[in-house]
Every structure is written in structure tokens, then in C-alpha cells.
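The values are calculated or read from the model by the stated rules, or taken from the named source; none is laboratory data. As the structure is a prediction and not an experimental result, all values here were calculated from the model. Please note: Cβ atoms are built from the backbone with ideal geometry, for glycine as well, and neighbour counts cover all protein chains shown.
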Amino acid sequence: MPPINFTANYLKTVYLPQRNSKGVYEPCEASIVEFDTSNKEDIRAIAKTASDWENIAPGFAFEIFNDAIKDRPFPDILQEHYLGLTTQNSDYKHINPDKIQGLALFSETVNSSNELNWLQVNPNTNTKNSHDRKYKRIGTELVNYVKQISDKPILIQSDDDAIKFYEKNGFKHIDTKHKSIMFWG
């Protein structure tokens with residue numbers, strides 16, 4: 001019988017470039033975690049993150065939160081992974097929403113490809129806010145993790161503003177008419 005988990009699971013350590021007081025980027029240890037959607041603390045952390053980020057700039061964090069609280073996944077989904085990248089490096093039982101730098105929803109499906117449903121980084125750290133950017137490579141680290149765990153090609157439907165990001169991360173266009181629909185693998 002698999003162990004029962006009631007908290008976010010630590011998955012992997014990554015190193016993000018973090019800007020220091022002199023404006024130079026240096027490696028900062030961060031963690032990729034998987035949230036447990038049956039855990040109220042994990043849901044609260046996702047909800048607060050979504051709310052805080054929405055006040056800065058609209059994005060997909062609320063979509064991730066809404067999916068996390070739904071009754072059950074769609075019939076073609078085998079397993080959903082609610083992922084976070086956090087600068088918190090211990091006590092994953094109590095994830096601090098202020099330290100979450102990225103959120104993603106990745107679905108393993110019965111189809112010939114898996115799907116990266118949603119991905120959002122803290123709006124204060126994306127390239128649109130590069131003058132105040134404290135961290136870099138948040139989205140890339142989440143995408144790289146998803147590539148590592150996927151046993152199939154990965155399908156995405158990208159926001160138009162993120163097409164170049166996905167191209168840089170190895171995703172290809174399915175056709176030229178629908179540039180936002182891309183795959184990796």
C-alpha cells in the first residue's frame with residue numbers, strides 16, 4: 001500500500017539565478033514540489049498565490065487553483081501533477097505562498113501525448129518586469145522537470161505572449177496556422 005501524503009511533496013532541488021544587492025545574478029537554491037490537492041494547507045497556498053499574482057497581473061494561477069479544487073479530472077486524464085517552484089527549502093507541510101515563484105499543472109493522459117495544461121511564474125519575475133526581476137529561469141525549470149517525468153510527448157496550447165518561451169525550451173509548432181499549439185518530444 002502506498003504511503004498516504006497530506007502535504008506538498010519535495011521533488012527536486014534546482015538553482016535559480018537570483019539578483020543580489022549589486023544587481024548581479026548568483027545561484028539560489030529552490031525546490032520543485034508537488035501539491036496534494038486533498039490537503040487544505042496546500043490548496044490555501046495555491047489560492048493565496050493565485051490571488052496575490054492576480055493583483056499584479058492576470059495569468060493562469062487561478063486556472064491552476066480552479067482545477068485543483070474540482071471534483072475529479074476529465075475522463076482522459078490518468079494523473080494530474082500540481083507543481084510549484086518555491087524558494088522555501090524545508091517544512092513542505094506548510095508551504096509559504098510568498099515563496100512560491102512558479103505554478104504548473106501537468107496531466108498524464110490516456111492519449112498519445114501528455115499535456116502541460118497551465119504554467120505561470122510570479123509576475124514580478126517574468127521578462128515583462130525585467131527591471132525588478134529577482135529570479136530568472138523559473139518557467140524553464142518547471143518545464144524541464146515536466147520533460148523529465150513525461151513518458152510521452154508533451155502538448156501545450158500557449159498564450160501568444162509565451163510562444164517564444166516555449167520555442168526556446170524546445171517545443172515545436174504543430175502547424176503554422178495555430179502557432180500557439182505546440183509539442184515537445
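Quick grid of which residues meet (1) modelled with pLDDT of 90 or more; (2) of a type in the set (A, V, I, L, M, F, W, C); (3) over 18 Å from Q148 (Cβ atoms); (4) part of a strand (DSSP E or B):
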{"position": "M1", "(1), (2), (3), (4)": "no, yes, yes, no"}
{"position": "Y15", "(1), (2), (3), (4)": "yes, no, no, yes"}
{"position": "G23", "(1), (2), (3), (4)": "no, no, yes, no"}
{"position": "E34", "(1), (2), (3), (4)": "yes, no, no, yes"}
{"position": "T37", "(1), (2), (3), (4)": "yes, no, yes, no"}
{"position": "A47", "(1), (2), (3), (4)": "yes, yes, yes, no"}
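The set of residues from the range 29-46 being surrounded by fewer than 18 Cβ atoms within 10 Å (Cβ to Cβ) and not β-branched (V, I, T) comprises E29, S38, N39, K40, E41, R44.
Within the range 68-124, being of a type in the set (K, R) and in a strand (DSSP E or B) holds for no residue.
Each residue in the range 77-105 was checked for being within 15 Å of I154 (Cβ to Cβ) and surrounded by 17 or more Cβ atoms within 10 Å (Cβ to Cβ), and 5 of them qualify. Comparison of E115, E26, E108, E63 shows that the only residue that is among the acidic types (D, E), surrounded by 22 or more Cβ atoms within 10 Å (Cβ to Cβ) and either over 21 Å from M182 (Cα atoms) or in contact with a strand residue (DSSP E or B) (Cβ under 6 Å, 6 or more places away or on another chain) (or both) is E115. Residue count for the range 153-179 satisfying the condition of being among the β-branched types (V, I, T) and in a helix (DSSP H, G or I): 1.
Count of the range 134-152 residues, restricted to those that are surrounded by 14 or more Cβ atoms within 10 Å (Cβ to Cβ), part of a loop (DSSP other than H, G, I, E, B) and of a type outside the set (K, R), is 1.
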